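Each remark here refers to the structure printed beneath this line.
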Amino acid sequence: MKVVKHSGAVVDFNPDKLRQSLLRSGADTFTADFILKEIIKDVYEGISTKSIYKKAFTLLKNHTNSHAARYNLRAAIQMLGPEGFFFEKYIARIFESQKYQTQTNVILQGNCVLHEIDVLIKKNNVIAMVECKFHGGKQGVSDVKIPLYVFSRFNDLRFNNYTLFSNKEKISDCWIVTNTRFTADAIAFAECSGIHLLSWDYPEKGNLKLMNNNDCLYPVTCLTTLTKAEKEKLLLLDVILVKELVANRINLKEIGISNFRIKNVLKEVAELCKCG
């Protein structure tokens, strides 16, 4: 059976790949197998992977909201656009969870030109610049031009002293983060140049797809008990991560959610983060 991907490419339908994605969402074996059987009933030649995803998401949501939220992670990260401003804040939160100090949207004068740095991070007295490349669609990729460009900016900044987290500090490291993927050439150049990369599926361990499970780093946009408009309001209140609602539940009332719905939202948060 052939299915059509977002890019228009035609590939074989892979039931095992779908089953694994359902299991990664937290669904047990029985639930994953049940959903897979339901989807197989409706699969036809030329069906889009988007249609399959929507069917799986709906069936998961009927089972458990938190499983659907995990399954929806990639789309939820894409909802941090369209400009990527909230994606930069999300990436800063990820580094903060790893004990980094962070600053966002910093303007620095290089040797040649002025630079806007998406995120600055500091840990163990090492300061790094982080360039965030946000793509609004799943098929967007960061090719070799991105690390070439970022590396030139890094070289324009790295030998200067700045007042960043304290006085007279240098930027001595460089990261590039994207919500989608890097091409093979981009990875090769970055590895050769000492640039750290983070994407949906790179590196193999510690990528965006996997790291969310470690410290509940899910963005609020993945919650299935909130509308799109409500998620946008929370982002504007600087509520970026799901777990931030545990200590800031008052934000849910601020955006006009009823007490009954707040209970449902916090239940999903607790299941997703296994807290409270």
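The values are calculated or read from the model by the stated rules, or taken from the named source; none is laboratory data. Keep in mind that what you see is a predicted model, and the values were worked out from it rather than measured. Heads up, the Cβs are rebuilt from the backbone with ideal geometry, glycines too, and the neighbour counts pull from every protein chain shown. Side chains are part of the model used for accessible areas, which takes the heavy atoms of the whole protein and leaves out ligands, DNA and RNA. Shrake-Rupley method; radii C 1.70, N 1.55, O 1.52, S 1.80 Å.
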*If you go through segment 202-223 one residue at a time, do you hit one that is over 19 Å from the mean Cα position of the chain (by Cα) and at pLDDT 95 or above?*
no
*Set ILE35, ILE52, ILE40: member being buried (at least 19 other Cβ atoms within 10 Å of the Cβ), more than 24 Å from LYS233 (Cα to Cα) and touching a helix residue (DSSP H, G or I) at 6+ places or on another chain (Cβ under 7 Å)*: ILE35
*PHE57 is checked against (1) open to solvent by 40 Å² or more (accessible area, probe 1.4 Å); (2) over 26 Å from GLU232 (Cβ atoms); (3) of a type in the set (A, V, I, L, M, F, W, C) and fails just one. What number does that condition carry?*
(2)
*Cβ-Cβ below 7 Å, separation at least six or inter-chain, first residue in segment 157-178 and farther than 30 Å from GLY137 by Cα, second assigned to a helix (DSSP H, G or I): which pairs?*
ILE171/LEU157
*Out of (1) open to solvent by less than 30 Å² (accessible area, probe 1.4 Å); (2) touching a Pro at 6+ places or on another chain (Cβ under 7 Å), what's the single condition that is false for CYS222?*
(2)
*Looking at ILE91, ILE117, ILE121, which one is touching a Cys at 6+ places or on another chain (Cβ under 9 Å) and either acidic (Asp, Glu) or surrounded by 15 or more Cβ atoms within 10 Å (Cβ to Cβ) (or both)?*
ILE91
*Regarding LEU22, is this residue closer than 30 Å to ASP118 by Cβ and either open to solvent by less than 20 Å² (accessible area, probe 1.4 Å) or not in a loop (DSSP other than H, G, I, E, B) (or both)?*
no
*Across segment 167-182, what is the total count of residues that are in contact with a His (Cβ under 8 Å, 6 or more places away or on another chain) and crowded, with 20+ Cβ neighbours inside 10 Å?*
6
_Please verify whether LYS243 is basic (Lys, Arg) and either open to solvent by less than 20 Å² (accessible area, probe 1.4 Å) or in contact with a helix residue (DSSP H, G or I) (Cβ under 9 Å, 6 or more places away or on another chain) (or both), treating the condition exactly as stated._
yes
*Only one of these is of a type outside the set (Lys, Arg) and in contact with a helix residue (DSSP H, G or I) (Cβ under 6 Å, 6 or more places away or on another chain): ALA190, ALA229. Name it.*
ALA190
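Residues checked against (1) closer than 30 Å to GLY26 by Cα; (2) of a type in the set (A, V, I, L, M); (3) crowded, with 16+ Cβ neighbours inside 10 Å:
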{"site": "PHE165", "(1), (2), (3)": "no, no, no"}
{"site": "ALA184", "(1), (2), (3)": "no, yes, no"}
{"site": "SER193", "(1), (2), (3)": "no, no, no"}
{"site": "LEU197", "(1), (2), (3)": "yes, yes, yes"}
{"site": "PRO203", "(1), (2), (3)": "yes, no, no"}
